[in-house]
Amino acid sequence: MNAPRIEIDLAKVEHNTRVLVGRLGARDVRVVGVTKATLGSPNIAAAMLRGGAIGLGDSRIENLARPVARPVAWPEPVARTLIRSPMLSQVSRVVEIATTSLNTEPTILAALDQAAIRAGTRHDVVLMVELGDLREGILADDVDAAVRFVRRCPALRLVGLGANLACQNGVVPDDTNMGVLSRLVETVEATHRTVLPIVSGGNSANVAWALSSTSLGRTNQLRLGESILLGTEPLHRTMISGLHGDAFTLVGEVIEAGVKPAQPWGQRGESAFGVLPSSAEPVAERGSVRQAIVALGRQDVDLEGLVPPSGFTVLGMSSDHLVLGTGDHVVVVGDEIRFGLGYGALVHAMTSPFVSKVEKQIGAR
Ligand SMILES: *Cc1c(COP(=O)(O)O)cnc(C)c1O
């Protein structure tokens, strides 16, 4: 088979979705399945829908445009949310492809409105509120003006407020910052005598809070990517109990193997990408080590988040060569080595044109 390749177990993606949907559903929180780390893979999106996600989200309109087979007995067209603010240059595509988008800018809202009018359609808007992480979001004091603005746009429908924490500055979702979102929802509803059906509280970093807090307030939706795909929560990168961490495996092929001196010789300057990664321990100070080169490099994957099999050590990676210490394992040319992936490594490998994607329905163990 082709190498490098990512093997994707769709049954594990579905399982992870179902478990999260069940636990969060018990607390009246719905799940939007976020596909951006997978280039919007239609099969992964379909696995999320089978697992109970109420809709799909992606940061790129190109990904959202990929057709997804909805589960049998699915009542209506799948809700597709553009979770990054639309670009002004893309508003026509956005109203054509996305049912909903997350927004912060009046200029873009006005353009969306015009595009929706031209297309003879309506477009749902969630206004994103800044809760302290300082990525996207309207400052609390400006929310009312933004709400007024959307409500004056004939082709836009304000369906809710949302927020995003932890992505830019690692700000942890808690009752305090999430409480601000809920209070804003209530203020908007009271001021404008309306109901906001969607309160989209955040991403995978909100899962721990959503499963433990006794004051979820109005939050009734999370947009989940990493926790579904990798089974991890992003704040401490720990596994969420009952989820699979190995739905994605990167497979690389060995192109040189043997025993080499543990230490380089000759005068030394900088290597191609600087010094050894801090996580890499030299296998031995002196003597010889077994090493193997895998045809895998920085054009395929990030070193950070690339997890070699146990007993193997990453000695270094350049554009096209990954050098592994193989410890006691005897490895020969042509062998395949299987790696686990963290979020950064997953995103990089999924978007590399050199890595083929093999989607299978293998099944949870
Ligand atoms: C990426 C993203 C998500 C999903 O984040 P995960 O940590 O992968 O769950 C949700 N919302 C927004 C706005 C995002 O950009």
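Would you calculate the separation in nanometres between label points at ARG30 and ASP335, each defined as 7 Å from the Cα along the Cα-to-beta-carbon direction?
5.0
Under 12 Å Cα to Cα from LYS36, which aspartates and glutamates show up? Leave out anything in the same chain fewer than 8 places away.
Cα-Cα hits under 12 Å: ASP58, GLU62, GLU226.
Among the complete DSSP H segments of the chain, which ones combine at least 20 Å of alpha-carbon extent along their axis with a mean Kyte-Doolittle hydropathy of 0.0 or more?
Counting only whole DSSP H runs, the qualifying helices are 10-25.
Please work out the FRET efficiency for the pair ASP142 and ASP320, using the Cβ-Cβ distance as r and a Förster radius of 56 Å; give the result to the nearest 0.05.
Numbers: r = 49 Å, r/R0 = 0.87.
After rounding to 0.05, the efficiency reads 0.70.
Could you name the aspartates and glutamates in cross-link range of LYS357, using Cα to Cα under 17 Å and dropping any fewer than eight places away on the same chain?
Cα-Cα hits under 17 Å: GLU7, ASP9, ASP246, GLU253, ASP300, ASP302, GLU336.
Taking amide H positions as placed 1.01 Å from N in the peptide plane, with prolines and chain starts having none, which residues 5 or more places from CYS153, or on another chain, fall under 5 Å of its amide H?
It is none; the list stays empty.
At 0.36 nm per residue, and after removing the present C-alpha to C-alpha distance, how many nm does the segment from LYS360 to VAL195 gain when stretched out fully? Can you show the working numbers first?
On the way: separation 165, 0.36 × 165 = 59.40 nm, distance 4.22 nm.
Value of the extension gain: 55.2 nm.
Determine, for each peptide in 68-81, 11-24, the mean count of other beta carbons within 10 angstrom over its residues, then list the peptides with the highest first.
Descending packing order for the listed peptides: 11-24, 68-81.
Expressed as cubic angstrom per residue, what is the convex hull volume of the alpha carbon set of region 150-292?
Each residue corresponds to 228 Å³ of Cα convex hull volume.
With each pseudo-label sitting 7 Å past Cα toward Cβ, what's the VAL259-SER241 distance in nm, one decimal?
Going from the VAL259 label point to the SER241 one covers 4.8 nm.
Expected output is a single nm value to one decimal: the length gained when fully extending between GLN299 and SER271, i.e. 0.36 nm times separation in residues minus the C-alpha distance. What is it?
Length difference between fully extended and current span is 8.4 nm.
Across the chain, what fraction of all alpha-carbon pairs, as a whole percent, falls in each successive 20 Å bin from zero upward?
Cα pair-distance distribution for the chain, in percent: 28, 49, 20, 3.
Among LEU324, VAL314, LEU20, whose Cα sits farthest toward the positive end of the charge dipole of the chain (+1 at Cβ of Lys/Arg, -1 at Cβ of Asp/Glu, about the Cα centre)?
LEU20
Note down the magnitude of the dipole of region 74-166 about its Cα centre, charges +1 on Lys and Arg C-beta and -1 on Asp and Glu C-beta and zero elsewhere, to the nearest 20 debye.
Working: 10 positive and 11 negative charges, 79 e Å.
With only Lys, Arg, Asp and Glu charged at Cβ, the dipole is about 380 debye.
Filter the GluC sites (Glu not before Pro) in region 207-277 to those in DSSP coil with at most 11 other Cβ atoms within 10 Å of their Cβ, and list the result.
Numbers: sites: GLU226, GLU253, GLU256, GLU270; in loops: GLU270.
For GluC sites (Glu not before Pro) across region 207-277 that sit outside H, G, I, E and B with at most 11 neighbouring Cβ atoms in 10 Å, the list reads GLU270.
So, R0 is 51 Å and r is the distance between the beta-carbons of ARG286 and ARG135; what FRET efficiency does that work out to, to 0.05?
0.60
Which ordering of THR121, THR38 is given by a fewest-first count of other beta-carbon atoms within 10 Å?
The most exposed by this proxy come first: THR121, THR38.
Give the value in nm², to one decimal: projected area of the alpha carbon convex hull of region 27-96, averaged over all directions. List each step's numbers first, then the result.
Details: hull surface 20.7 nm².
The orientation-averaged projected area of the Cα hull of region 27-96 comes to 5.2 nm².
Counting only DSSP beta bridges with both residues in the chain, tell me the antiparallel percent, nearest 5.
Antiparallel bridges make up about 45 percent of those DSSP assigns within the chain.
Could you let me know the centre-to-centre spacing of region 313-365 and region 101-171, using Cα atoms, in angstrom?
Comparing the Cα centres of region 313-365 and region 101-171, I get a distance of 40 Å.
Any read-out appearing in this document is the output of simple, stated calculations on the displayed coordinates, not a laboratory observation. Not measured: the values here are computed from a predicted model. Cβ sites come from the backbone with ideal geometry, for glycine too, and all protein chains shown count toward neighbours.
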